[in-house]
Amino acid sequence: MSAVVAEFRRNRLSLSYVIVVALLILLVAAGGFLSDRFLTWRNFGNLFQQLVVLGMVSLGQTFVVLLGGIDLAVGSLVGASTVFIAHFLEWRPDLLWLALPLALIAATAIGALNGLLTIVLRVHPLIVTLGMSSIIFGATLMYDKEPGGSVPRGLADFSYANLWGIPVTAIVLVAIFALAGLWLQRSRSGRSIYFVGGDREAARLNGLPVNRIVVMAYALSGLCAGLAAIFLTARTGVGDPRIGTALTLQSITPVVVGGTILAGGRGGVLGTLLGVLLVTMLNNLLNFLNVSSYYQWVIQGLIIIVAVSIHTTRRRQ
Amino acid sequence: MAPLETPLPRSRGVSVASIFERYGLIVFLVALLLVAAVLSPTFLRPANLVNVLTIAAPLGMVVVGQIFVILVRGLDLSVASLMATVAVLATAFKATTNDAIPMIFAAAIAFSAVVGLVNGWLVAKRDVSPFLATLAMMIILQGVRFAYTGGAPISTLPPGMGFLASGRILGIPVNLITLALLAIVFGIVLHRSRLGREIFMVGSNPKAAFLNGVAPDRVIILCHVICSVCAGIGGLFLLGYVGTVSNWVGQGYELDSIVAAVMGGVALTGGRGNIFVALLGVAVLVVINNLVLLLGFPIEMQLIIKGIIIIGAAAFYRTRLA
Amino acid sequence: MVTPVIELSRIEKEYPGVKPLDRVDFAVRPGEIHALLGENGAGKSTLIRVMGGAIRPNGGSMTYLGKPVSWQSPKQARAAGIHVIHQELALFSELSVAENILVDAQPRNALGLISGRARHARAAEILAQLGVKISTHAKIDELPLADQQMVEIAKALVGEVRLLVLDEPTAVISGREVDLLFDNMRRLKREGVGIVYVSHRLEEIFEIADRVTILKDGQVAGTGPVGDLTRDEMITKMVGRRLEQIYPARRKAPAGGPDILKISNLRAGHRVRDVSFAIRPGEVVGIAGMVGSGRTEVAEVIFGTRDLDGGTIEFDGTRLDRRMPREAIRNGVGFLTENRKDEGLFLGLPISANVMAPDLAGVTRRGLIDRRGEREIALEQIRNFAVAAPSPEVKVGNLSGGNQQKVLFGRWSRIARKLLILDEPTRGVDIGAKVEIYRIVRNLAEQGVGILMISSELPEIIGLSDRIFVMSQGHVAGEIDGASATEEAIMDLAVRSLDRRESTAARLEQVA
């Protein structure tokens, strides 16, 4: 018994998970109690549909935050990628097989550039990604200010496809999260993110290729932004430079709610997935209850504060 | 006993670096002004210059406050949201005469102070990172504001509010006088007063500050209050400039104020910076924005240039002081 | 003649304006513990970095196991079997012991995935080799410093190690932990590993090292078997001249007057269980004991940075109601903390601001700082404590360790009219600066200040203290007169275990 307790103490993180899971259960119960349409397959299908984009971007954010950094360029990058995809496909709808990989490669490269700049210029990631966000956003707007472009039928269908009543996109998302979790916990390169995030100087002294790991994490964040853009374009059918604006800050909430601390080195993707579920489900429920989106903002702000307070208090004990 | 330690860097070298740090920006600004004057004949016209400065004033006020928070290793993302909220608050009096203006100011300052107090409390007492605390505050204020206005604020303002932007005393625009007053008062607080010294101590090393008898929590909370109050005042002046209340008065000022401070040599790691140099950062930012317009570039170009400049400036100060 | 593990010849390293290494010859044989001595700034750490591949020399040559080499990166040197343990431990505090030991060599299963079970098994195996009992599941920040150091050494044993470099490993540990470290060094030595050992503590050199090389201003000032040099000769070579007397003369008459500080039955957390003692004006009281014996915690309780669970503290016969650093400072108490960079200095601020930090009221006129007054005070302290700095405007971060420490003395000597608490006042400071600091301490005592000095360096405790308290497991285990104290007597008290009942109670408390 004491061994179990000790294991729990050691793994303070899992307790954070327990709290988030408990909140989720509470939410589902409350939802079922307050609205008879909440606990339906149909609603859950919608809900999963909704959380795919946020989930993808938050996953990317998790890698960077684990590293002790932050990526404020994801929103602009998502917007720019949707514009690229939609306009490319409007031009050549037959080149879907080329457009999507190209978009992913470009997004990954821009992410990598973020990481590279933090290293080469030794400037705080907040500043680098903020600056890059401004540059990307400005460049996208110069290309096209309004939503435009189109996507071929096949891509749109994919976004609404269901498998056993579950949206395919949600299945893809969960699969990506599982892969990311396995990679972070059980692979050498994945683990190294924890090392660098925990103590960059120590990582360097231990002979880890710190710079490569930093670039890799930011590149992954870019890749996730690119994937999110694919989901998003498939659904909306257009490329919209402004569509990602709110995503940047939104993507941070699930990460911190899931117990990944901004200082780096602690947390994981499971927490982020739970965080995304919690945030999306809460908004979904509030919609059912006809709570105005204005109050949803207030609630989201309170969630950040409460979640961070809980996690920091746990850490201090 | 003779010194046995390794040789010191000579003090002259240190002060040369700091002079360069201070005047490098002035040189840059002057060069920018020259370029502007050459490229665009309209730039140096008084009307344009006044226009530039009028735009700069509210941002300058926000920057004066933002510095306080950055100096204690924080940052405030809620300033812009606060500006808009204060603007909405100004309509709450449904005032049609100028008698209400002092009350509007009093209410705005009191409200801002409370917001700053909450931010500071979260950061200092609850250990919430400044980024997240003020991010949450930004969203909460946004929600409260929209909920109050129902999405579309009714712009009932005393006619005198426009004076904040266009008024002059002895030929000097009121908003510049106010900015100068704010900068001088808070400049003295920061660079000459005991509280200012405590701010630098906390920013430089919070643990050591505590062991030297300073209460870091109190200092951090005060910095947040000062920041929010400055942002609130800036919000009213911006409202005067814009003329009509919207839910997005001041949008982008949270980032612009941080950009200007960083460009003005304020270190995000805390404990290093100067109010007056930071205001030069504001000038550079605003002149660049103006230049982009005067040269007939699309306004989106401002975003690109701003992005390059913030990264470049941060890298510049990093290498200068490494 | 055996081939040396590593042999450096005429190694040079030059930066603009400084030459940390000037034609240095240095060799380590297999199975040899080679001590590297020198003041701060003499070039020891540069030499270590050259060997470990972190710095590339400008000139000279290096052979490793008989072959000429020139490392391109620390990684390459490590792969070849060179393991450097830096003063600042390179550990990840949030991660487990096992993960730390196997940072870059995590065992993987057939699928190429890291296996947690194999990781712990392998880590436990290595720790067993070292003869230490540390849970491989524990997180680093849950371990005492000494155990953390063992983890760092365990990392060296993961791959093949031929040359082990230890940079001041005993700076943060004491007593039994040092013994354990030395046992392990001897064991590695028997296995033929070459060991480079850097330390400021000469006593340790005589105990553990076979040969010694002394660096002075980037050049080799002497090298040879340890037995060939006396302690005084080593010091002379390090400093470049004789130090007639390291410790200033003790005061003749016993200190008189009423107690400046009197603490009774102090309890705080599980580190301070029951501590009582008193200090009179003008006396230097040393506190010895293992790291973790509660020494620092007692100081923190006195200064008001740690909560008090029971007992009383009296300054000048009056009890303090509010316990905050501010109150202690107001009552004439100064605290020079153990970790000057983390807790003492404002590295980005000038000397003047650092000196005046605890006494802002003293230079504030109508709410504003009197800059001229502040400058004058700072200048005076720079002169008083011989800080090597051209002006009070110099940022403290630009000063050397010894000068930084003197700035702290400049700060606290003004505040500590009654009591000055010193926690490891000479850590990381070279012997020349140490001697200066000893004089400063004695001078302050002569002026009537009570000094409470915590130190892990027994010679320093013995050489400087009028009275010595030895702490063990949160208690004062005994008091020894400074003039007649011996290291043996202190160690005897420091390791004396408490009676069974008490220690069981203590353990229960720890569990709870």
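The values are calculated or read from the model by the stated rules, or taken from the named source; none is laboratory data. Computed from a predicted structure; not experimentally measured. Neighbour counts run over all protein chains shown; Cβ positions are idealised from the backbone, glycine included. Side chains included, ligands, DNA and RNA excluded: accessible areas come from the protein's heavy atoms. Shrake-Rupley method; radii C 1.70, N 1.55, O 1.52, S 1.80 Å.
So, restricting to helices (runs of 4 or more DSSP H) that lie completely within region A:233-317, which ones have at least 1 residues that are more than 10 Å from every other protein chain (Cβ to nearest Cβ) and in contact with a Pro (Cβ under 7 Å, 6 or more places away or on another chain)? Break it down stepwise before answering.
Working: elements: A:247-250, A:252-257, A:269-288, A:293-316.
Here the list reads A:269-288.
Say whether the condition of being open to solvent by 50 Å² or more (accessible area, probe 1.4 Å) and assigned to a helix (DSSP H, G or I) is met by at least one residue in region A:65-80.
Looking only at region A:65-80, we keep the residues that are open to solvent by 50 Å² or more (accessible area, probe 1.4 Å), and these are none.
Scanning region A:65-80, I find no residue that is open to solvent by 50 Å² or more (accessible area, probe 1.4 Å) and assigned to a helix (DSSP H, G or I), so the answer is no.
Could you tell me which of the residues B:Gly307, B:Gly271, B:Gly264 is at the interface with another protein chain (Cβ under 8 Å from one of its Cβ atoms) and within 24 Å of B:Arg197 (Cα to Cα)? Working first, answer last.
Working: B:Gly307 fails: within 24 Å of B:Arg197 (Cα to Cα); B:Gly264 fails: at the interface with another protein chain (Cβ under 8 Å from one of its Cβ atoms).
Being at the interface with another protein chain (Cβ under 8 Å from one of its Cβ atoms) and within 24 Å of B:Arg197 (Cα to Cα) holds for just one of B:Gly307, B:Gly271, B:Gly264, which is B:Gly271.
Restricting attention to region C:382-396, and to residues there that are over 25 Å from the mean Cα position of the chain (by Cα) and closer than 13 Å to C:Met356 by Cα, which single residue is farthest from the other protein chains (Cβ to nearest Cβ)? Can you show your working first?
Keep residues of region C:382-396 that are over 25 Å from the mean Cα position of the chain (by Cα), which gives C:383-384, C:390-394.
Subset that is closer than 13 Å to C:Met356 by Cα: C:392-393.
On the way: C:Pro392: 10, C:Glu393: 7 Å.
Among them, the one singled out is C:Pro392.
Just one of the numbered conditions (1) open to solvent by 50 Å² or more (accessible area, probe 1.4 Å); (2) in a helix (DSSP H, G or I); (3) within 11 Å of another protein chain (Cβ to nearest Cβ); (4) farther than 18 Å from B:Ala215 by Cβ is not true of C:Glu374; which one?
(1)
Each row is one residue, and each column tells you yes or no for (1) under 20 Å from B:Ser129 (Cα atoms); (2) over 16 Å from the mean Cα position of the chain (by Cα); (3) hydrophobic (A, V, I, L, M, F, W, C).
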site: B:Leu255; (1), (2), (3): yes, no, yes
site: B:Arg272; (1), (2), (3): yes, no, no
site: B:Ala278; (1), (2), (3): no, no, yes
site: B:Gly281; (1), (2), (3): no, no, no
site: B:Ile288; (1), (2), (3): no, yes, yes
site: B:Val292; (1), (2), (3): no, yes, yes
site: B:Phe297; (1), (2), (3): no, yes, yes
site: B:Met301; (1), (2), (3): no, yes, yes
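Rundown of residues vs (1) open to solvent by 20 Å² or more (accessible area, probe 1.4 Å); (2) within 25 Å of the chain's Cα centre (by Cα); (3) more than 10 Å from every other protein chain (Cβ to nearest Cβ), yes/no style:
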{"residue": "C:Met324", "(1), (2), (3)": "yes, no, no"}
{"residue": "C:Val333", "(1), (2), (3)": "no, yes, yes"}
{"residue": "C:Asp342", "(1), (2), (3)": "yes, yes, no"}
{"residue": "C:Phe346", "(1), (2), (3)": "no, yes, no"}
{"residue": "C:Ser352", "(1), (2), (3)": "no, no, yes"}
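Considering only residues that are within 16 Å of A:Arg266 (Cα to Cα), facing chain C (nearest Cβ under 9 Å) and either of a type in the set (D, E, K, R) or open to solvent by 50 Å² or more (accessible area, probe 1.4 Å) (or both), which ones fall in region A:179-212?
Correct list: A:Leu182, A:Gln185, A:Arg186, A:Arg191, A:Asp199.
Scan region B:54-70 and give yes if some residue there is under 30 Å from B:Phe210 (Cα atoms), buried (at least 16 other Cβ atoms within 10 Å of the Cβ) and within 12 Å of chain A (Cβ to nearest Cβ), otherwise no.
Yes, because at least one residue in region B:54-70 is under 30 Å from B:Phe210 (Cα atoms), buried (at least 16 other Cβ atoms within 10 Å of the Cβ) and within 12 Å of chain A (Cβ to nearest Cβ).
Looking for whichever is open to solvent by 20 Å² or more (accessible area, probe 1.4 Å) and in contact (Cβ under 8 Å) with a residue 40 or more places away in the chain here; the options are A:Leu155, A:Leu163, A:Leu227. Which one fits?
Result of the check over A:Leu155, A:Leu163, A:Leu227: A:Leu227.
Just to verify a result, which residue in region C:427-448, among those that are assigned to a loop (DSSP other than H, G, I, E, B) and away from every other protein chain (no Cβ under 13 Å), is least open to solvent (accessible area, probe 1.4 Å)? Give the steps one after another, and end with the answer.
To start, the set of residues in region C:427-448 that are assigned to a loop (DSSP other than H, G, I, E, B) comprises C:427-430, C:447-448.
With the extra rule that they be away from every other protein chain (no Cβ under 13 Å), the set shrinks to C:427, C:447-448.
Values: C:Arg427: 58, C:Gln447: 141, C:Gly448: 26 Å².
Looking at the filtered set, the residue picked out is C:Gly448.
Quick test for you: out of A:Leu155, A:Leu126, A:Leu113, pick the one residue that is away from chain B (no Cβ under 14 Å) and either part of a strand (DSSP E or B) or on the phi < 0 side of the Ramachandran plot (or both). Reasoning before the result, please.
On the way: A:Leu126 fails: away from chain B (no Cβ under 14 Å); A:Leu113 fails: away from chain B (no Cβ under 14 Å).
Testing whether each residue is away from chain B (no Cβ under 14 Å) and either part of a strand (DSSP E or B) or on the phi < 0 side of the Ramachandran plot (or both) leaves just A:Leu155.
With B:Gly273, B:Gly213 as the choices, which residue is without any contact (Cβ under 8 Å) to a residue 12 or more places away in the chain and open to solvent by less than 20 Å² (accessible area, probe 1.4 Å)?
B:Gly213
Here is a list: B:Val144, B:Val202, B:Val189. Which entry is of a type outside the set (D, E, K, R), in a helix (DSSP H, G or I) and within 14 Å of chain A (Cβ to nearest Cβ)? Before the answer, list the steps.
Values: B:Val202 fails: within 14 Å of chain A (Cβ to nearest Cβ); B:Val189 fails: within 14 Å of chain A (Cβ to nearest Cβ).
Answer to the selection: B:Val144.
(1) more than 23 Å from A:Gln185 (Cβ to Cβ); (2) modelled with pLDDT of 85 or more; (3) of a type in the set (Val, Ile, Thr): which one isn't true of C:Val172, the others all being true?
(2)
Mind counting the residues in region B:143-160 that are surrounded by fewer than 23 Cβ atoms within 10 Å (Cβ to Cβ) and under 30 Å from A:Leu126 (Cα atoms)?
Residues meeting the conditions: 3.
I'd like to know if region C:404-416 contains one or more residues that are farther than 23 Å from C:Lys341 by Cβ and more than 10 Å from chain B (Cβ to nearest Cβ).
Pass one, region C:404-416, residues farther than 23 Å from C:Lys341 by Cβ: none.
No, because not a single residue in region C:404-416 is farther than 23 Å from C:Lys341 by Cβ and more than 10 Å from chain B (Cβ to nearest Cβ).
Tell me the helices (runs of 4 or more DSSP H) entirely within region C:143-211 that contain at least 2 residues that are basic (Lys, Arg) and open to solvent by 10 Å² or more (accessible area, probe 1.4 Å).
On the way: elements: C:145-156, C:176-190, C:202-208.
Because the criterion is at least 2 residues that are basic (Lys, Arg) and open to solvent by 10 Å² or more (accessible area, probe 1.4 Å), the helices (runs of 4 or more DSSP H) in region C:143-211 that meet it are C:176-190.
Kindly indicate the residue of region B:99-133 that is in contact (Cβ under 8 Å) with a residue 60 or more places away in the chain and within 14 Å of chain A (Cβ to nearest Cβ) and also surrounded by the most Cβ atoms within 10 Å (Cβ to Cβ) among those meeting that condition.
Restricting to residues being in contact (Cβ under 8 Å) with a residue 60 or more places away in the chain and within 14 Å of chain A (Cβ to nearest Cβ), the top hit is B:Asn119.
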